[in-house]
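Working notes, structure below.
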Amino acid sequence: MSRRNRSLKTAAREATEPPSQLDQITRYVQALCVLLALAFVFFVSMLQNPTYDFWWQAKAGEVILKTHSIPHQDPFSWTASGQPWMVHEWLTDVLFYWLAHRPLGWLLAYKCGLSVLVCGLALLRTWQRSRSVPLAVGAVVVVGFVMRDFADLRPQMLTFMLLNGLLVALDAYQRGGARRLPWGLPVVFVIWANLHGAAVVGLLLIALWVAGEAIGKWMLEEQGPSVLPLALGVAASCLAVGINPNGFLVYAYPFQVLGHPQVKNYILEWVSPDFHGLDNLPFEVLLLGLFGAMALARAGGRPRFGELLMLLAMAYAALYAVRNAPAFALAAAPPTAVALASVWKEAPGLVPIRKLAAGSAARLAGAGALALTLALLLASQFPRAAPRSWAVDAIDYHSFPIKGAQLLAEGNWPGPLYNDYNWGGYLIWSLYPARKVFIDGRAEIYYSTGTLDDDIRIHNVAPGWHEALDRRGVQVVLTKKDEWLAEGLRHQSDWRSVFAGPVEQVFVRAPGADASP
């Protein structure tokens, strides 16, 4: 009898034998590891992250519900009033308006609960492909660290969920299941295109996957189900994306956002990752780990050409702008785990270690060590504050000019208002329609009016900042009291401070001071 036949018979016998008591305990401990990993994701996602855009999106949802129409021109600012505005996430805006009128715990459920759901899909996908609970759990921990700075009250969380769900379905299709996926793609993209404009990017990634599968079959003779139904589904999805209030103009949205040369320098989420600190270390580990593991793995442990093509595009996007790192992490974790599992199973030098780890006692000890490690990680992220303050802390609510906005809403200090870029959304929520803002997070609508350029100049107290305030006819300034603009205004005779709150300071033009409107 050949060695291969003996190993197959041994494997068949082990598969039919009932698990030992130690093996049963190991399975319970591994289930505990999964729960600990998901709990870790929940609490690591509670990292303080000010909800800058949520507030204007909630106000947009209110406008949509009250007017029964989708706005196509800016109603919220006085510097870009009437400028074209693409409300690409209108359906999410309506959801956010509803959430804004719920207790703050609902906001925490969206922020952290969706993170758990997204990472849970990544865990499922990793386990289905690697059949290794330790690798699946480890992958989720790394993804959780990558996502922590981007787990926010923003439509992108829904994009992460939909993209990851499609990747799970694509894996199933590749294994011979999910045969209805091609016909479900257009439905998914109709919904996605009304939740978030990133549906266009998601469609491109799926199209790359399908194109790569076709190339792999032709060039590398890869085996698998026909890609023709998927190609037809993608083609139909290209049309389905246009079923939204903006039609096919949604395809232009990504280019509109990046249509200003200062975006990558002024808006932090659009800069490339900084690898000199520790913040981007989990992303760096995953990026290098993916391609390192692929190099070491045998053919069966490497991704197919379609997935590889998609991963290369996502890696480029993540290196171009750090905001794309979570999507890359979600897509890269499963193939990284598969490659590592291949190295573990097939590397000749690891045979003694594999034999040592094959026993029931060794597996139980390994599961216990993993559970202990996860418990320590969870303890490190568990909030020290009382549960009633978790939501307030998670959305960093007290970083907003709450009292200053209240005084402005009461009619104090009339006249054109200058506000910090990051506070524009909150002020829209608090003041509209009585007062309009200078600028907010919808950067693309301010390009053509020069408002973004003036805001950068004023905010940084760069040469010409005072002249920009005069030229715009600004009468009131609401800014952070410990930043450069507040310090600069304190030394100007034509401006005086009228209010200082916990984080904000309000300045008005001194009586008799002139400004050219």
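Examine segment 425-443 for a residue that is at pLDDT below 95, part of a helix (DSSP H, G or I) and not hydroxyl-bearing (Ser, Thr, Tyr), and state whether such a residue exists. Checking segment 425-443: at least one residue is at pLDDT below 95, part of a helix (DSSP H, G or I) and not hydroxyl-bearing (Ser, Thr, Tyr). Checked against (1) in contact with a Pro (Cβ under 7 Å, 6 or more places away or on another chain); (2) surrounded by fewer than 24 Cβ atoms within 10 Å (Cβ to Cβ), Ala361 meets all criteria but (1). In the same structural domain as Ala172 (by TED's automatic domain parsing) and in contact (Cβ under 8 Å) with a residue 60 or more places away in the chain: is that true of Asp279 in this structure? Here the answer is yes, as Asp279 does meet what is asked.
Restricting segment 200-232 to residues that are of a type in the set (Gly, Ala, Ser) and either outside any helix (DSSP H, G or I) or within 26 Å of the chain's Cα centre (by Cα) (or both), the residue that is surrounded by the most Cβ atoms within 10 Å (Cβ to Cβ) is Gly212.
Is it the case, given these coordinates, that Gly197 is under 23 Å from Leu312 (Cα atoms), under 25 Å from the mean Cα position of the chain (by Cα), in contact (Cβ under 8 Å) with a residue 60 or more places away in the chain and crowded, with 20+ Cβ neighbours inside 10 Å? Here the answer is yes, as Gly197 does meet what is asked. For Ala369, the test of being of a type outside the set (Lys, Arg) and within 29 Å of Pro303 (Cβ to Cβ) is failed.
If we scan segment 287-299, do we find a residue that is among the aromatic types (Phe, Trp, Tyr), assigned by TED's automatic domain parsing to the domain that holds Leu162 and closer than 22 Å to Asp53 by Cβ?
no
For Tyr110, the conditions (1) within 23 Å of Leu195 (Cβ to Cβ); (2) crowded, with 19+ Cβ neighbours inside 10 Å; (3) in contact (Cβ under 8 Å) with a residue 60 or more places away in the chain are fulfilled apart from (3).
Would you check if Ala178 is among the hydrophobic types (A, V, I, L, M, F, W, C), over 23 Å from Leu108 (Cα atoms) and at pLDDT below 95? The answer is yes for Ala178.
Just one of (1) over 13 Å from the mean Cα position of the chain (by Cα); (2) among the acidic types (Asp, Glu); (3) closer than 26 Å to Leu99 by Cα fails for Asp149. It is (1). Regarding segment 446-468, can at least one residue be identified that is of a type in the set (A, V, I, L, M), closer than 27 Å to Asp93 by Cβ and not in a helix (DSSP H, G or I)? No: segment 446-468 contains no residue that is of a type in the set (A, V, I, L, M), closer than 27 Å to Asp93 by Cβ and not in a helix (DSSP H, G or I). Scanning segment 474-515 for residues that are part of a loop (DSSP other than H, G, I, E, B), of a type in the set (A, V, I, L, M, F, W, C) and touching a residue at least 60 places away in the same chain (Cβ under 8 Å) turns up just one, Val503. Only a single criterion out of (1) surrounded by fewer than 20 Cβ atoms within 10 Å (Cβ to Cβ); (2) modelled with pLDDT under 95; (3) under 18 Å from Ala151 (Cβ atoms) is not satisfied by Thr51, namely (1).
Considering (1) more than 30 Å from Lys345 (Cβ to Cβ); (2) surrounded by fewer than 22 Cβ atoms within 10 Å (Cβ to Cβ), the lone condition that Phe305 does not fulfil carries the number (1).
Per-residue answers, yes or no, for (1) among the polar types (S, T, N, Q); (2) surrounded by fewer than 16 Cβ atoms within 10 Å (Cβ to Cβ); (3) touching a Leu at 6+ places or on another chain (Cβ under 7 Å):
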site: Ala39; (1), (2), (3): no, no, yes
site: Glu62; (1), (2), (3): no, no, no
site: Gln73; (1), (2), (3): yes, yes, no
site: Ser77; (1), (2), (3): yes, no, no
site: Gln83; (1), (2), (3): yes, no, no
site: Leu99; (1), (2), (3): no, no, yes
site: Gly105; (1), (2), (3): no, yes, no
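No other residue among Gly176, Gly144 is farther than 30 Å from Thr373 by Cβ and out of contact with any strand residue (DSSP E or B) (no Cβ under 9 Å at 6 or more places or on another chain) apart from Gly176.
Yes/no per residue for (1) crowded, with 19+ Cβ neighbours inside 10 Å; (2) within 29 Å of the chain's Cα centre (by Cα); (3) not β-branched (Val, Ile, Thr):
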residue	(1), (2), (3)
Tyr421	yes, yes, yes
Leu431	yes, yes, yes
Tyr447	yes, yes, yes
Ile458	yes, no, no
Pro463	no, no, yes
Leu469	yes, no, yes
Val474	yes, no, no
Leu478	yes, no, yes
Lys481	yes, no, yes
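The values are calculated or read from the model by the stated rules, or taken from the named source; none is laboratory data. Fair warning: this is a prediction, and the values are worked out from it, not measured in the lab. Glycine gets a Cβ as well: all are built from the backbone with ideal geometry, and neighbour counts include every protein chain shown.
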